[in-house]
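Here is the structure we will look at.
The values are calculated or read from the model by the stated rules, or taken from the named source; none is laboratory data. Everything numeric here is computed off the predicted structure, so don't read it as measured data. Here Cβ is always computed from backbone atoms with ideal geometry, including for glycine, and neighbour counts include all displayed protein chains.
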Amino acid sequence: MTRRYDLQVHTNASPCSSTSPERVATAAVDAELDGIAVTDHDTVANVEVVRETAPDTLDVISAVEVTTTEGHLLALDVSEPPPQADPLTVIEHIHDQGGVAVVSHPFDTLRQYYETDLAALANAVDGVEAINSRCVRRRFNERATAFATAYDLPTTGGSDAHFPMEVGRAHTVVEGDGTLADAIRDGRVRPSGRGRYLSGHIATKLHEAHTLSSRAIAALTSDQPLRR
Ligand SMILES: [Zn+2]
Ligand SMILES: [Zn+2]
């Protein structure tokens, strides 16, 4: 038996996404996924709403994309957001909660990435996100794959969706039954789908421009000064 999980999906609890939790659940069903990890930046605020909206057939994993002092880190199957600390401290918090730690787009130098102490990092994490659909350059995902191979770490995939049309573009194929967390720990996972979509980034820029212009319009039509 195999299942398909998109292990990185954002909702409007992330500043860079305007997708409602309800819309995320619908998009996951439309993409025929078996599960998703709701990975908002440093919060679990929308996990319960996604779970309540989604059909019982969709496994909704409570998760966080943690801003560490280096790169981003997926905390999967956690109920509390870990602190925004150094990667090893964050991983310890995730493990204390019984969760699984996966480095997210670890070598995407156009975003947050990891550069120091890679051996210590490899020793501590449970997995590596080897396909992230928002990596603009192919070599960012290739380097993540090489890192995982070098340290014999399980690999996952996620769309990093900030908009509904992105959900499922990359995902994780899970072999066998049981929980997703156990499948990652046992190495019964592999990434699938596409990296390098540009349309998501373009949509993000439009979203930012829209937010800014809405504020400008609000400022022009009221006596309040424009704040950024
Ligand atoms: Zn990220
Ligand atoms: Zn993300």
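Given the criterion of a type in the set (Lys, Arg), surrounded by fewer than 16 Cβ atoms within 10 Å (Cβ to Cβ) and either part of a loop (DSSP other than H, G, I, E, B) or without any contact (Cβ under 8 Å) to a residue 60 or more places away in the chain (or both), identify the matching residue among ARG143, ARG139, ARG111.
Only one candidate qualifies: ARG139.
Look through the range 146-163, keep the residues that are closer than 19 Å to ALA124 by Cβ and of a type in the set (A, V, I, L, M, F, W, C), and return whichever of them is surrounded by the fewest Cβ atoms within 10 Å (Cβ to Cβ).
For the range 146-163, the residue satisfying everything is ALA150.
Just checking, which of THR145, THR149, THR155 is more than 27 Å from SER17 (Cβ to Cβ), among the polar types (S, T, N, Q) and in the same structural domain as THR19 (by TED's automatic domain parsing)?
Checking each option against the conditions leaves just THR149.
Just to be sure, is GLU70 over 18 Å from ARG185 (Cα atoms), within 13 Å of ligand 1 (Cβ to nearest atom), among the acidic types (Asp, Glu) and assigned to a loop (DSSP other than H, G, I, E, B)?
yes
Could you identify the single residue in PRO82, PRO87 that is surrounded by 18 or more Cβ atoms within 10 Å (Cβ to Cβ) and in contact (Cβ under 8 Å) with a residue 24 or more places away in the chain?
Going through PRO82, PRO87 in turn, just one is surrounded by 18 or more Cβ atoms within 10 Å (Cβ to Cβ) and in contact (Cβ under 8 Å) with a residue 24 or more places away in the chain: PRO87.
Across the range 1-20, what is the number of residues that are under 20 Å from VAL173 (Cα atoms) and within 11 Å of ligand 2 (Cβ to nearest atom)?
Selection size over the range 1-20: 4.
How do the pairs read when you match residues in the range 46-70 that are touching a residue at least 24 places away in the same chain (Cβ under 8 Å) with residues anywhere that are among the aromatic types (Phe, Trp, Tyr), using Cβ under 7 Å and keeping only pairs 6 or more apart or on different chains?
GLU70/TYR114
Here are some conditions: (1) part of a helix (DSSP H, G or I); (2) surrounded by fewer than 22 Cβ atoms within 10 Å (Cβ to Cβ). ALA25 meets all but one. Which one does it not meet?
(2)
In the range 86-108, how many residues are within 16 Å of ligand 1 (Cβ to nearest atom) and assigned to a strand (DSSP E or B)?
So the answer is 4.
Would you tally the residues in the range 142-159 being of a type in the set (D, E, K, R) and in contact with a helix residue (DSSP H, G or I) (Cβ under 7 Å, 6 or more places away or on another chain)?
0
From the residues in the range 115-136 that are surrounded by 21 or more Cβ atoms within 10 Å (Cβ to Cβ) and among the polar types (S, T, N, Q), which one is farthest from the chain's Cα centre (by Cα)?
SER133
Determine, yes or no, whether TYR151 is within 16 Å of ligand 1 (Cβ to nearest atom) and aromatic (Phe, Trp, Tyr).
no
Yes/no per residue for (1) small (Gly, Ala, Ser); (2) modelled with pLDDT of 95 or more; (3) under 26 Å from VAL47 (Cα atoms):
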| position | (1), (2), (3) |
| --- | --- |
| PRO81 | no, yes, yes |
| GLN84 | no, yes, yes |
| ASP96 | no, yes, yes |
| ALA101 | yes, yes, yes |
| SER104 | yes, yes, yes |
| LEU110 | no, no, no |
| GLU115 | no, no, no |
| LEU118 | no, yes, no |
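Here are the criteria: (1) in a strand (DSSP E or B); (2) surrounded by 17 or more Cβ atoms within 10 Å (Cβ to Cβ). Tell me which single one GLY168 does not satisfy.
Just one mismatch for GLY168, condition (1).
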